[in-house]
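The structure under discussion appears below in the form of structure tokens.
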């Protein structure tokens, strides 16, 4: 029954997936000032494809083979809205693919799981944005793992969400937004004995943090930050194999050079009539300290055209001190320290930087005498960075730039990698000797042969 209800939820939510594609397409056309063409033919084909795809997922439960291990999960959710009033409640279903040591990084992360979730929740006070429908892939890392019996996991995921478009009181709300999630969850098997039917079922519990934010790409959206608890069940059609634990092969600790460029658009307030381009260019040197973590040091250059001195009639009070339209006000630069988690080709990191060049100095009080609450923007910045390597030398990148809790913008781009940069560079100090030479010491010059 849990499989049937999960499949039904996916099928009922297909219409919301079509709306996501539709709103994203219209948003792109609006920014680029191109005409919006009919999507009816494309949507019909997309509906047929999804229907066949979900039907295929259903038949997998019947024709499953021992070499195709997967899981179905359904959970009830309940939590609180951190930046709003009231509580939220909902349901999440997921399709999971466990890993059992086919690649080296799977041993590093203790046989993790890749999942694909589809969920929905409502609110007790924020009825104008409900229902919120979200979908996202996620990564489950079992840092405590007893195969076939118990696991305690860290969960990280990112995707898209669709919400209600507001009412007469709130005004129009752009319904499509970004979705980030993270948390801790546990899985407890109903029966530990290998091969028993009850061992295919497990109880799941967890605590999650969810953020719905588009990086100020449009201020007409509604940002939400939620903490919730989850309780549900998980079903494995096939018997779980018991993986053989083996230490992962350590990665080479070789410094890499990465050069990345990103871009996007942003707004300051709901009264903005335009979308202002923003871009960044950065380079960094990254040294892996383990199979799962690397440390980096680099420099950033930022450009944001929204700080042009013309935003004085849009309800914006924060940057009204910028009274002149100067190019220099739109440029910032800084140096950053990177802390990255590496998962095979995927990289997620939190970067903290210090401005080396920042002509925008936010005053302590705005023009109405109200105290600005984030003066730290004059000194430091932070970035939530995600990268995926398409090849050893090329990758796609995305980042949220912020000043602690104040998000400035979101950007997408690409990067070029020199993976063995330190090996390509010759040591410029190789001929310097700190030890005083002894004229009586016998030295052999020339090339050595083995």
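Note: relative contact order over the stretch 70-235, using C-alpha pairs below 8 Å and six or more positions apart, is 21 percent.
For the stretch 203-297, rounded, prolate or oblate, judged on the Cα gyration tensor with a ≥ b ≥ c (square roots of eigenvalues), a/c < 1.5 rounded, else prolate if a/b > b/c? Cα axes put the stretch 203-297 in the oblate bin. With the alpha-carbon atoms of the stretch 113-175 aligned to their principal axes, the span from lowest to highest coordinate is 53, 21, 14 Å, starting with the largest. Using alpha-carbon positions, what is the distance between the centroids of the stretch 165-205 and the stretch 98-156, in Å? Result: 8 Å between the Cα centres. Of 395, 163, the sequence from fewest to most neighbouring Cβ atoms within 10 angstrom is 395, 163. Between residue 292 and residue 324, how high is the FRET efficiency from 1/(1 + (r/R0)^6) when r is the Cβ-Cβ distance and R₀ = 56 Å? Nearest 0.05. Calculated value: 0.70.
Can you pull the Rg over Rh of the stretch 70-235, Cα-only, Kirkwood?
1.04
Residue exposure proxy: 367, 130, ordered by other Cβ atoms within 10 angstrom of their Cβ from fewest to most, comes out as 367, 130.
Here, the stretch 256-424 yields an orientationally averaged convex hull projection of 10.3 nm² when only Cα atoms define the hull. Given contacts defined as C-alpha pairs under 8 Å and at least six residues apart, what's the relative contact order of the stretch 256-424, whole-number percent? After rounding, I find 23 percent.
Each label point was placed 7 Å from the Cα along the Cα-to-Cβ direction; for residue 149 and residue 371 their separation is 5.5 nm.
Coordinate-derived values only; no laboratory data. The structure displayed is predicted, hence computed values, not measured ones. Note: ideal-geometry Cβ built from the backbone for every residue, glycine included; neighbour counts use all protein chains shown.
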